[in-house]
Amino acid sequence: MMMYFLLVGCAALLGAHDKSFVSAAPGHGYDETTSAGMTGSAPVAGINKPDAACSCPTSVNSTTIAGEADWSRQHLERLYTQNVMLHGMVCSCNVAMRGPMRDDYRYTSGIGAHKLHTRAATWNNARKFCNEEGGQLAIINSIAEEHMLLEIFNHSGPIKGAAYPDAAFLGIHDLYAEGDWVTVSGDSLAKAGYTRWSDKWGGQPDNGGGKQHCGALMKEGGMDDVACDVPFPFFCELPVMRALQ
């Protein structure tokens, strides 16, 4: 009988040891914020296990287009995996393009996917063309993005049907109120991150003729306000997942 109780006691001790070992292992439910918080540094949650403590945005309609190789999508998704701040925690999330990828867009790591339409259109028609491609008229968010668009612009083919071939429509306007420039998403230019206007013709925007309410990127850099009903080439961009703070 004594031997029986000894065996039962040993089994209980071994079970407790195994349980504590399993609970400390970095498994599916492991919370990496605990050790990060003890060191006094910012919590780094989900760097190795994003689903453990982070609620990363997920791609929407991530189907592929005809002829698109799986390795191509995987490669681009790696390019768009970034550390982002989510509810006070640093998370490694895939912020890849939403929707199907297109082979007629230029993908730039950390900036996005863009296309210059060289056949000119009015601003509203350009807006609809971009939407039909699953995107929007391009919104510049940084000097780096401006430089990338200028590179595309300066290496493009001939512009067709434009009133002025050295400017291309962007997704900005002051149609709601004169001088109150906003993006097609409703943000101010300051919030979007890019406010550089051209200094040509006495400085822009100047609302020439009282009817220049749509924004365009100059081929030499900087923005100009132009008439919305005049055809220009235009930039489209595919939307990127935005992590919420």
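The values are calculated or read from the model by the stated rules, or taken from the named source; none is laboratory data. What you see is a predicted model, and the numbers here were worked out from it, not measured in a lab. Reconstructed Cβ throughout: ideal geometry from the backbone, glycine too, with neighbour counts over all protein chains shown. Note: areas computed on protein heavy atoms with side chains; ligands, DNA, RNA excluded. Shrake-Rupley method; radii C 1.70, N 1.55, O 1.52, S 1.80 Å.
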### Single residue of the stretch 184-198 satisfying the filter (more than 16 Å from Asn125 (Cα to Cα) and in contact with a strand residue (DSSP E or B) (Cβ under 7 Å, 6 or more places away or on another chain)) that is most open to solvent (accessible area, probe 1.4 Å)
Arg196
### Task
Inspect all residues belonging to the stretch 173-182 and state whether any of them is touching a residue at least 40 places away in the same chain (Cβ under 8 Å) and β-branched (Val, Ile, Thr).
no
### Task
Report, ordered by the first and then the second residue, all pairs with beta carbons closer than 9 Å, sequence separation of six or more or different chains, a first member in the stretch 227-245 that is open to solvent by 30 Å² or more (accessible area, probe 1.4 Å) and at pLDDT 65 or above, and a second member that is among the charged types (D, E, K, R) and not in a loop (DSSP other than H, G, I, E, B).
Pro231/Arg119
### Every residue from the stretch 157-181 that is assigned to a loop (DSSP other than H, G, I, E, B), farther than 11 Å from Lys219 by Cβ, of a type outside the set (A, V, I, L, M, F, W, C) and out of contact with any His (no Cβ under 6 Å at 6 or more places or on another chain)
Gly157, Pro158, Gly161, Tyr176, Glu178, Gly179, Asp180
### Query
Just one of the numbered conditions (1) modelled with pLDDT of 95 or more; (2) in contact with a helix residue (DSSP H, G or I) (Cβ under 8 Å, 6 or more places away or on another chain) is not true of Gly208; which one?
(1)
### Task
Being farther than 11 Å from Phe169 by Cα and not in a helix (DSSP H, G or I) is the filter; apply it to the stretch 119-140 and report the residue that is farthest from the chain's Cα centre (by Cα).
Arg119
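How many of the residues in the stretch 188-200 are in a loop (DSSP other than H, G, I, E, B) and free of Cβ contacts under 8 Å to residues at least 40 places away in the same chain? Give the steps one after another, and end with the answer.
Restricting attention to the stretch 188-200, the residues satisfying the condition of being in a loop (DSSP other than H, G, I, E, B) are 193-196, 198-199.
Applying the additional criterion that residues be free of Cβ contacts under 8 Å to residues at least 40 places away in the same chain yields 195, 198-199.
Residues flagged as in a loop (DSSP other than H, G, I, E, B) and free of Cβ contacts under 8 Å to residues at least 40 places away in the same chain within the stretch 188-200 amount to 3.
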### Task
Filter the stretch 114-137 for residues that are under 13 Å from Cys228 (Cα atoms), out of contact with any strand residue (DSSP E or B) (no Cβ under 6 Å at 6 or more places or on another chain) and not polar (S, T, N, Q) and give the result.
Ala121
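Return the residues of the stretch 199-220 that are under 15 Å from His147 (Cβ atoms) and open to solvent by less than 70 Å² (accessible area, probe 1.4 Å); say none if nothing qualifies. It would help to see each step written out before you state the result.
The initial filter retains those residues of the stretch 199-220 that are under 15 Å from His147 (Cβ atoms), namely 217-220.
Selection gives Leu217, Met218, Lys219.
Let's see how each residue does on (1) within 16 Å of His213 (Cβ to Cβ); (2) in contact with a Pro (Cβ under 6 Å, 6 or more places away or on another chain); (3) among the small types (Gly, Ala, Ser):
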residue: Arg102; (1), (2), (3): no, no, no
residue: Ala126; (1), (2), (3): yes, no, yes
residue: Leu137; (1), (2), (3): yes, no, no
residue: Glu178; (1), (2), (3): yes, no, no
residue: Thr195; (1), (2), (3): no, no, no
#### Entry: Candidate set: the stretch 95-149, residues that are modelled with pLDDT under 95 and among the basic types (Lys, Arg); chosen: the one surrounded by the fewest Cβ atoms within 10 Å (Cβ to Cβ)
Arg106
